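Peer 1: Can you keep this structure in mind? I'll have questions shortly.
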Amino acid sequence: MIIYTLLIFYVIFLSIIYALKKSKSKKTDKIFLIMAFIPMIIIMGFRGRTVGTDTYSYTIYFQQICDYSISEALNFFPLGWVILNKMIGITLGIEPVNYIFVVSFLLLILFMKFIYDNSIDVSVSTILFILFYHYFSSFNGMRQYLAVAIAINSFKYLMENKNIKFIFINLIATSIHPTALLFLFLLPVKNIKPTISNIYKILFISIVLMMILGPIAQLFVKMFPHYELYLDETGIGTFGFGQGKNRNIIITFIYIAFEIFMLVVMKNKNKINLKEHFVYIIINLIGILFCLMSLSNTLFNRLSWYFIIFAIIYIPYCFKFFNNKDRLYLNVLFIAVMFIPCYVQLYEGISNVAPFSWIW
């Protein structure tokens, strides 16, 4: 765990330097992100095959895909994933180190781009990316996290009304993992009028969906039997954090409390009707919905990944409506609060990221 502690404090140190700069620009953001993500790429890309619950299995699948014909491989994996694995095998060989590094590099570059394009404070978003355990969880479900990383980069085009680009990028994500189709749900959401009454309506619909999505999950598992292991009543996985019911309930309600707090603040500041803020609220509500459902059915945990990741953008976005002094206090407070569950999860070995070892 020492290497993860050093990484976290390194990113916090960079963030302090970034915060002290009087003038910031896109160039400053880019320099910060490059310096922050390089060690993340090195650690994730050169980790041992036992670091990450599914890492070893993925390296085996990679070698099998390289041995299969494309038509044979499509019996087990979607086209985009097969093509990516084939390209890595043809260009770099079938050694596990090449595969782990390339997938890790793609994942983190895409997450970095998402933060660069959408965050109002790239330093806070980067710290939250680590402390919310997204970085560590991606050591595990690499294929779906790659789909998540691709899908969320379509958000920029959604907000710019470039619907064709939005759909195209999500189809690429779906070719990696079929659950990415869910992200297309944001297309009609964007056109909902931003009002408090509509938020209440969406909240009511969400509660109804919580009661009926169980049977839908059963149908999904019948269509995709390899997800049957997630359809149980004992495993818990909130915010992609892994298992641990009591802890995840606490984390879920931290998010719910933050959502309620910001709704009240935004209403008082007369900002609730901002289109961008309204979309963030809806995305967060969807993520919380899936997280609550995952408390009894771990399949929904994986669906939450596409939406809960937006919290790393949404939180600094909300804090921009406070003055500089209050914003500093809120950032420090929220980072401090999330520091504890992150370390608890590392200590418990969630996603099997600890103990760490290099691939050599």
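Only the coordinates and a few stated rules stand behind these numbers; no lab work does. None of the values given here were measured: they were computed from a predicted structure. Every residue, glycine as well, gets a Cβ built from its backbone with ideal geometry; the counts of neighbours run over all protein chains shown.
Peer 1: Rounded, prolate or oblate: pick one for region 119-195, where a ≥ b ≥ c are the square roots of the eigenvalues of its C-alpha gyration tensor, a/c under 1.5 means rounded, and failing that, prolate if a/b is larger than b/c, else oblate.
Peer 2: On the way: a/c = 2.21, a/b = 1.25, b/c = 1.77.
Note, shape of region 119-195 comes out oblate.
Peer 1: Report the Cα-based extents of region 1-180 along its three principal axes, largest first, to the nearest Å.
Peer 2: 57, 44, 26
Peer 1: Please give the net charge around Trp358, taking every other residue with its beta carbon less than 13 angstrom from that of Trp358, where Lys and Arg add +1 and Asp and Glu add -1. Mind showing how you got there, number by number?
Peer 2: Numbers: positive: Arg47, Arg49; negative: none.
Charge balance in the 13 Å sphere: +2.
Peer 1: Just round it to a whole percent: the fraction of Cα-Cα distances in region 103-147 exceeding 16 Å. If you can, show how the numbers build up before the last one.
Peer 2: Numbers: 339 of 990 pairs.
Here the tail beyond 16 Å accounts for 34 percent of pairs.
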